[in-house]
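Structure first, then comments.
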Amino acid sequence: MTAGVATSAGPRAAARSRAIAPRSGGRPWTFYVLATVFVLYVAALYGPMICIYVLSFQDVRGGLVFPMKGLSLHWFVDLFTQVRTGDVQGSFDRSIRLAILVTIITVVVSFLAGMAFRRRFPGDTVVFYLMIGSLVAPGLVLGIGTGLLFNLLGIEAHWYTAAVGAQLSWTLPFGVLVMFAVMSRFDRAWEEAARDLGATRAQTIWLVVIPILSPGIVAVALFGFTLSYDEFARTTLLSGAQNTLPLDINASLTQRVQPTLFALGTASTIFSLLMIGLFIVIYTILYRRSR
C-alpha cells in the first residue's frame, strides 16, 4: 500500500517539478506567462503617459492623436504665452509655494507627533485616530467643511489659508504614519548616551535624534510635497480667485483641448522627477552622515 502511494505521488511530483524547474539551458513556461503579464501591465500603466509625452513635441499642425505631424517645441512655447491655457506660470508658482508651505508644516508636526507618542499618555488612542481619520473621509467633503470653518471664523478662503488647512488633512496622516514607523526603530540608548556625555535636551534632539531620523524626515517631506502638488479635490473650492496648477489644468479641459495640455503634462512630469531626484540625493547624503 505504501509503495503504491509512493508510486502514484512520484509522477505528480515529477510533473510539478517539470512545470516549475527550468529545463536544461532554458526557462519554464511559467516564466514566459508571468513575463507576458508583467509586460502588458507596464504597457497599460506607462503607455498612455508615453503617448502624451510624444505628442507634446508636435509642430503647430499637430493634434491629439497619432500620427505625429512634425517635430518642434511649439506647444511648450505656447504653454507659457497664456494664449489658450490661462495663467500657467502663476498657477505653477502658487502650487510650488503651497506645496512647500504644506511640506514644512507636515514635517514639523509629524516629527513632534512622533516624539510625543513615544510614551503613552491619557487619550493617546483617541488623538491617533483623530489624526488619521481624515484618510477615510472624501476629499471634497473635507474641502467644503474647511471652507465653512474659515467662513465662520471670518477668514477669506484663499490658496494660502483655507487650501493649506484642507491639504494638511491629507498630508499629515501620511507624515505621522511614516514618522511612527521610523520612530519604532529608534533606539533610546542613543539619547541616553548623549545625555550621559553632558548634552542638553535640545542638543540631544538636534545632534542625535534629528540626524538619525533624517532619512525618515526626508520621506515625510517627499510625501507632503507630492501629495500637495497635485491635490485637486481638497483645493477646488478653497483656492479663491487664483487657481493652483491642478485646478488650471481642469479649467483648460472645459475649452477646446489642444496639445498644449500634453506639453503641460510633460513639463509637470519632468519637474516631479527632478524633485524626486533632489529628495533622493538629500536622503542619500543624510543617510551616509547618520551611519
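Rule-based calculations on the coordinates, nothing more; no lab input. Note that the structure is a prediction, hence the values are computed from the model and not measured. Counting neighbours? That spans all protein chains shown, and the Cβs are built from the backbone with ideal geometry, glycine included.
Please find, in a Gaussian network model of the chain (springs between Cα atoms separated by less than 10 Å), the residue of 240, 114, 47 whose mean-square fluctuation is greatest.
Evaluated over the chain, the most mobile residue of the options is 47.
So what's the gap between the Cα centers of segment 169-209 and segment 260-283, to the nearest angstrom?
31 Å
Per-residue counts of other Cβ atoms within 10 Å, averaged by peptide: what ranking do you get for 179-189, 98-108, 141-151, highest first?
98-108, 141-151, 179-189
Just need log10 I(q)/I(0) for the chain at q = 0.08, 0.14, 0.17 Å⁻¹, Debye formula, equal scatterers on the alpha-carbon atoms, no solvent, rounded to two decimals.
-0.57, -1.10, -1.32
Please tell me the relative contact order of the chain in percent, rounded to the nearest whole number, where contacts are Cα pairs under 8 Å and at least six residues apart.
Dividing the mean separation by the residue count of the chain yields 26 percent.
Multiply the residue separation of residue 188 and residue 116 by 0.36 nm, subtract the distance between their alpha-carbon atoms, and state the gained length in nm to one decimal.
Working it through step by step, the gained length comes to 24.6 nm.
What is the spin-label model distance, in nm, from residue 276 to residue 149 if the labels are put 7 Å beyond Cα along the C-beta direction?
Between residue 276 and residue 149, the label points sit 3.1 nm apart.
How large is the direction-averaged shadow of the alpha-carbon convex hull of segment 40-132, in nm²?
10.6 nm²
Cut-off 18 Å, label point 7 angstrom out along Cα-to-Cβ of residue 158: give me the residues of segment 233-252 whose amide nitrogen falls inside.
Inside the label zone: 235-245.
State which helices in the chain qualify, where a helix is a whole DSSP H run, it must extend 18 Å or more along its own axis by its Cα atoms, and its mean Kyte-Doolittle hydropathy must be at least 0.0. Mind showing how you got there, number by number?
Working: long enough: 2-20 (27 Å, 0.13); 29-55 (37 Å, 1.89); 88-116 (41 Å, 1.47); 139-152 (20 Å, 1.76); 162-183 (31 Å, 1.66); 210-229 (27 Å, 1.74); 260-290 (45 Å, 1.48).
In the chain, the long hydrophobic H runs are 2-20, 29-55, 88-116, 139-152, 162-183, 210-229, 260-290.
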